[in-house]
Amino acid sequence: MSNVQSIARAFLLLEVLASDPMGVTDLAIRSGLPKSTVARLVSTLESLGAVRRSDDGMLTIGAKISELTGSMSSGPDLIARVRPHLVSLSRDLDEDAGVSIPDGYMVHYINQSDSDNPVQIRDWTGELIPMHCVPSGLVLLANWPTERLDRYLSRPLQRFTPNTVVDPDNIRDRLKQIRTDGYCWVYEEFAEGINSVAAPVYDREHRPIAAIHVHGPAYRFPLGDDASRIAELVKAKATQVSSDLSRLKV
């Protein structure tokens, strides 16, 4: 196989994986390439960090590709555009604020602004987390086409805490509410003792390309009836970033 042909086929595999995670067999079928060729190319892409293999053998776009594209989603330097809003949220709410982007069936946390509160949550930057158990993932799932959402929910969904929602029907009901509200709260569903809220960021074509979130210790976040006020503030920041992106020249 020539080097040019190998590069072309590697790009084809990445293009297929960008739509959905899948195993080697399905990737060979979708790409129309021999399974042995796909396995060989995937092995090389894995070693470069361009493809990631989960414990159940599913292949997705790897962290290296996410790093290269994360700051350019829907325009130059997404992080730079979001960062002032994260700083504002962490200052106003006295909790940590972050931004994440979709990465296959995961969300990839790409930046975080820490609050000045002496009791802080860890920095999640660089982490990859399944979409169904964090608000950043759920607000993205809420915008997925039905077919793709069905594929996600047909898989076994990992439970991280007793509060993790893994029933597909319950998740579908939840996503309907998210589409109405424009935000999502998660209460100790990914990690015990941590609550978080997120809202989606859209590009100029109204495609969900990121999510802004705020998280804090469950004993203080949110306090009393502050949940709606906090959520609306996060939603407003996400809406502002979406508006900024929609004005970018292509």
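Pairs of Cα atoms nearer than 8 Å and 6+ residues apart set the relative contact order; for the chain it is 15 percent. For the chain, a simple Cβ point-charge model (Lys and Arg +1, Asp and Glu -1, everything else neutral) yields a dipole of about 940 debye relative to the Cα centre. Projecting the Cα atoms of PHE160, ALA238, TYR183 onto the dipole axis of the range 119-241, where Lys and Arg carry +1 and Asp and Glu carry -1 at the beta carbon, places ALA238 farthest toward the positive end. Residues in the range 101-117 carry Karplus couplings, in order, of 10, x, 9, x, 9, 10, 10, 10, 6, 10, 6, 8, 10, 7, 7, 8, 4 Hz; the curve used is 6.51 cos²θ - 1.76 cosθ + 1.60 with θ = phi - 60°, and Gly or Pro positions show x. Under 8 Å for C-alpha pairs, at least 6 residues apart: give me the relative contact order for the range 3-61, rounded to a whole percent. Answer for the range 3-61 is 39 percent. Span-like helix criteria (full DSSP H runs; alpha carbon extent of at least 27 Å along the helix axis; mean Kyte-Doolittle hydropathy of at least -1.0) are satisfied in the chain by 227-246.
FYI, it's all coordinate maths here, none of it is from the lab. No experiment lies behind these values; they were computed from the predicted model shown. In this analysis, Cβ positions are derived from the backbone assuming ideal geometry, glycine residues included, and neighbour counts consider all displayed protein chains.
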